[in-house]
Amino acid sequence: MRMQRRELLKAGLSGLAGAGLGLNGLQEAWALGAPLSNSFSSAPELAPFLGLNGQDLAAQDLPIEGRLPAGLSGVYYKNGPALMARGEQRYQHWFDGDGLVQAWRFDAGRVSHQARFVQTAKFKAESAAGRFLVPAFGTAIEPRMPIRGADSMNVANTSVLLLQDKLYALWEGGSAHEMDPRTLATRGLKTWAPDLLGMPFSAHPKVEADGTVWNFGTMAGRMAIYQISAQGQVLRSEVFDSPAPTAFVHDFVVSQNYLVFLLPPMHLDVEALRAGASMAGSLRWQAAESTKVLVVDKADFSRRRMLEIPACMLFHFGNAWDDGLTLRLDFVQSREMPLVTQEFAQLMRGERPGHKQASRPRFMQIDLGSGRIELQARDEAVEFPVVDPRVVAQRYRHVYYPLALDTGERWGFNGLLHLDLESGRRQRFCFGNQVVVEEHVMVPKPGSSREGEGWLLGLCYDTQRQRSFASVFDAQAIGDGPQALVWLPYWVTYGFHGKFYAA
Amino acid sequence: MKKLPSLPLVLALSVGLMLAQGARAADMELEVQGVSEDQGQLLVSVFAEAKDWLRKPVLVFKALAAERKDGKVLIQLRNLPEGNLALNVTHDVNGNGRLDMNAMGMPTEPYGFSNNAAGVFGPPAFDKAQFTVKPGTRIVVQLN
């Protein structure tokens, strides 16, 4: 059975009776002492930015609308910033919140939910103190406890990675945190090798079909690249001075033969930082400069080539592939960082950003011989691109995104977009403006081998019912609407990135 | 066997240092908190001027981390020159005589500063760590 938009709206309206739970959430925010501006009530899609209070959540036997695909069995882990205020103080940037890792467990048609805060050193110390103690990325806080390095400020809030029987909560500025994938108990900081103690390990590792993990880290003009085996052993790592500013490098992309980084022209104003500004508040966009395209040879990290494109800001890539002559990749271009930071500050206050979010799909083709770059653009409003995990670093044709379609004044995405890069066809689905749509991952159908055969699975928030839910689509027919919705008896904060691991 | 400098030489050097700083000197006590393991040594470097901060100490002291009780180690700071000083403490866990850093230049061993001064994305300035020498008193540094 597929659910159509009208049925979804009906489900939403009937759920108004359940709004009491959402109100509890608001009361909770009051109890935290967080200043609650009227704007949160006039922008109901922003309510999750109020944050959770640091308590873990769990619910069993979640109600399912529609029919879950029989083969969907495994765990969907998702990470995101969730604790936004302590005492009188509220974070001013979405990236600042302490990481909450969710596990949605799909088992023989039954679904359970668990969400636990990553027990970082920061979270534990601040929970005990009842206030924030260390600076956050976008909120300047005078250190109130000794700081050794980036890991003293690690919020472990951006993504997850499962390797063998270890789940990692990822953050880009410092170490991964190891967690128990069954209980979500935090085990501590992960050091991949003795000489990599405390090194930044980005939240966007790329995992190839054979299990090889590629990742990177940047700090103060230096870059590190890591190649890790499916068993979690570091095969190679290299640290080098970046040929261009690395003040904000969030993601990278991998093809058969190359690692590709786009380095936006952003500088860190160290004077501003020392004078008390936050890290985000000290980033300076250099519109006259170019975005550097750093192409690193996978076989020899010392073989690096730098190309350039006009200044452009981005967070996320979809995928890349090359045939030795031409390298193709896709990414989502966003508004430049200082503007994004202002928008996040508004969201955290419960205000709709004045400027509409305008991140768009981009496609790049690099002639590896001449170094000539061609860029193509589309104008759908999207973010959080994903591809079929079976085609990472290989030739691919399908990309999936959350999509904003006629959202009017409202913030956030309300639908999904599937682009077929070979045929040029697109498929869309829109939940309507009552629903906020987050990243949806592509889950291959067991037994299938063709790219695109599988489901899209992700989280959404119903602004009227004030509850979060998971939605499941047939990835080859998203226009038909979701096959199933799985409802939580509460709401959770918006997350950033998740991964599905089949049972 | 390691060759130790002769006692007369050490004495001569110490006297020279004291003379250089003026005849008056004072003793204080340093309580290092948050010593989390027995391994290695605590290195204390004392600085008298901003221009020498974290570069040229006027005095250094050492203690074994194994002396810790409840995570605390007491170190006698003898013959401190009078006036304003600042110090830093490193828990040199692997005993190589310095604060280890990773390839990004991020410290990987515990350290701390007088006044528990904390820097933002780098060490604190000399004046934030500055304290006035008061004979017979104790200062406390919490390691990170």
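A few points about this structure:
- A Förster radius of 41 Å combined with the Cβ-Cβ distance from A:Ser423 to A:Ala59 puts the calculated FRET efficiency at roughly 0.50.
- Inter-label distance, nm, simple model (7 Å from Cα along the C-beta direction), B:Met101/A:Ser229: 3.3 nm
- For region A:153-178 and region A:434-503, distance of Cα centres in Å: 22 Å
- Listed values for region A:173-185 are Karplus-derived 3J(HN,Hα) couplings in whole Hz (6.51 cos²θ - 1.76 cosθ + 1.60, θ = phi - 60°), namely x, x, 5, 6, 9, 8, 10, 7, x, 8, 9, 6, 6, and x replaces Gly and Pro.
- Amide H contacts of A:Trp455: A:Val443, A:Lys445, A:Ala475, each under 5 Å away and 5 or more positions distant or on a separate chain (H built 1.01 Å from N in the peptide plane; Pro and chain starts excluded).
- At R0 = 22 Å, FRET efficiency that the Cβ-Cβ distance of A:Ala272 and A:Gln342 yields, to 0.05: 0.90
- Restriction of the trypsin sites (Lys or Arg not before Pro) in region A:62-99 to DSSP coil positions whose beta-carbon has at most 15 other beta-carbons within 10 angstrom yields A:Arg67.
- Built amide H within the under 5 Å cut-off of A:Ala247, gap 5+: A:Met266
- Think of region A:231-377 as a dipole: +1 on every Lys or Arg Cβ, -1 on every Asp or Glu Cβ, centred on the Cα centre; then among A:Leu307, A:Met279, A:Asn257, A:Met279 lies furthest on the positive end.
- Lys, Arg +1 and Asp, Glu -1 on Cβ, resulting dipole of region B:19-144 about Cα centre, debye, nearest 20: 300 debye
- Chain A - accessible surface per residue (Å², probe 1.4 Å): 37 Å²
- Of the two radii for region B:42-96, the radius of gyration is 1.00 times the Kirkwood radius, both from the alpha carbons; that is the Rg over Rh value.
- Label positions at A:Ala220 and A:Ala128, each projected 7 Å from the Cα along the C-beta direction, are separated by 2.8 nm.
- Backbone geometry of region A:86-94 corresponds, through the Karplus equation with coefficients 6.51, -1.76 and 1.60 at θ = phi - 60°, to 3J(HN,Hα) couplings of 9, x, 8, 9, 10, 5, 9, 9, 4 Hz, x marking Gly and Pro.
- Residue list for region A:233-260, given a label point 7 angstrom along the Cα-to-Cβ vector of A:Met306 and an amide N cut-off under 19 Å: A:238-253, A:259-260
- Minimum 40 Å² accessible area buried by the other protein chains, region B:92-122 residues, probe 1.4 Å, relative to alone: B:Asn102, B:Ala103, B:Met104, B:Met106, B:Thr108, B:Ala118, B:Val120, B:Phe121
- Over all distinct Cα-Cα pairs of region A:277-353, the Kirkwood formula returns a hydrodynamic radius of 15.2 Å.
- For region B:42-55, Karplus couplings with θ = phi - 60° (6.51, -1.76, 1.60), whole Hz, Gly/Pro x: 9, 10, 10, 10, 10, 10, 9, 9, 4, 5, 9, 3, 6, 10
- Taking every Cα-Cα distance in the protein assembly as shown and sorting them into 10 Å bins from zero, the calculated P(r) comes out as 3, 15, 24, 24, 16, 9, 5, 2, 1, 0 percent.
- Accessible area of the protein assembly as shown belonging to carbon and sulfur atoms, whole % at 1.4 Å probe: 51 percent
- At R0 = 41 Å, FRET efficiency that the Cβ-Cβ distance of A:Glu88 and B:Asp52 yields, to 0.05: 0.50
- A simple charge model with +1 on the Cβ of Lys and Arg, -1 on the Cβ of Asp and Glu and nothing else charged puts the dipole of the protein assembly as shown at about 440 debye relative to its Cα centre.
- A crude spin-label estimate for the pair A:Arg450 and A:Asp323, with each label 7 Å from Cα along the Cβ direction, gives 2.1 nm.
The values are calculated or read from the model by the stated rules, or taken from the named source; none is laboratory data. A quick note: this is a predicted structure, and the numbers were derived from the prediction, not measured. Neighbour counts are summed over all protein chains in view; Cβ atoms, including those assigned to glycine, are modelled from backbone coordinates with ideal geometry. These accessible areas exclude ligands, DNA and RNA; they are computed on the full protein's heavy atoms, side chains included. Shrake-Rupley method; radii C 1.70, N 1.55, O 1.52, S 1.80 Å.
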